[in-house]
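> Before anything else, here's the structure in question.
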Amino acid sequence: MIRLERIRVEQHIVFAHVSEPICLEQNRRKHLMEQAVRTLFARYEDFFNRSLAGEIDLDEGSSLYASDFIAASPSGVITGRNDEQLRQVMAQGFERYRAIGTTGMRVRDVRIAPIDDLHCVAHVAWTASYARDDLPATTVDFDVHYLVQVLDGAAKVFGWIAGDEEAVLRQHGIL
């Protein structure tokens, strides 16, 4: 936003363009948001990999999410709460991931599209690694688009949009 200030110069009123302070503040806020979101997904990646190794900390996992969330995929749209049911679904999800041979999850890239000073869409590029006796070592690249809120410097996921995970896993022979 461009701010104009009214300045009186020798009985004439002129307007001066004073955008530099505003641009600096916007850049500072954008940098803080990027830093908070990148920290969130570094934590998410670390949590995911420790959980695949059997060291699941559901308190830590639920701390990545806001109190309520929305999720969209080809199977539909759901809303949920960050409660005991989310913890149960997380635990079951990691059991399933281990059962199909998931050995690791790595963030390849995070691209952030700010919505306002507190919200953004984080486009996260992931690489999942799989290994089983009946399957050669396999990696699968995929993207998930997360809705993120940053409050008091802490970022939390309040939604995500994902593709058809089942179809991708079938395509690579994992399912």
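> Taking the Cα atoms only, what angle lies between the long axis of helix 20-52 and the longest principal axis of the chain, rounded to 10 degrees?
10
> May I ask you to derive the FRET efficiency for T139 and A42 from their Cβ-Cβ distance with R0 = 25 Å, giving the value to the nearest 0.05? Before the final figure, lay out the partial values.
Values: r = 20 Å, r/R0 = 0.79.
The computed FRET efficiency comes out at 0.80.
> Here's another thing I want to ask about it. Mind checking the dipole of the chain: about its Cα centre, +1 per Lys or Arg Cβ, -1 per Asp or Glu Cβ, Debye to the nearest 20? Don't jump to the answer; show the numbers that get you there.
Details: 19 positive and 26 negative charges, 78 e Å.
My answer is approximately 380 debye.
> Distance from the Cα centre of region 54-104 to that of region 111-175, in angstrom?
If you average the Cα positions of each part, the centres end up 12 Å apart.
> Once Cα extents along the principal axes in Å is worked out from the coordinates, which option in (i) 40, 37, 30; (ii) 85, 33, 29; (iii) 63, 33, 29 does it equal?
(ii)
> With a point put 7 Å past each Cα toward its Cβ, work out how far A53 is from R106 in nm, to one decimal.
1.5
> If you build a Gaussian network model of the chain, linking Cα atoms that sit under 10 Å apart, which residue out of G104, G153, G61 swings the most?
Looking only at G104, G153, G61, the largest GNM fluctuation is found for G153.
> How far is helix 84-99 tilted off the main Cα axis of the chain, in degrees rounded to 10, range 0 to 90?
Relative to the chain, helix 84-99 is tipped by roughly 60 degrees.
Computed from the coordinates by the stated procedures, all read-outs in this text should not be read as laboratory data. Computed from a predicted model, the values in this text were never measured in an experiment. Ideal geometry is used to build each Cβ from the backbone, glycine not excepted, and the neighbour counts take in all protein chains shown.
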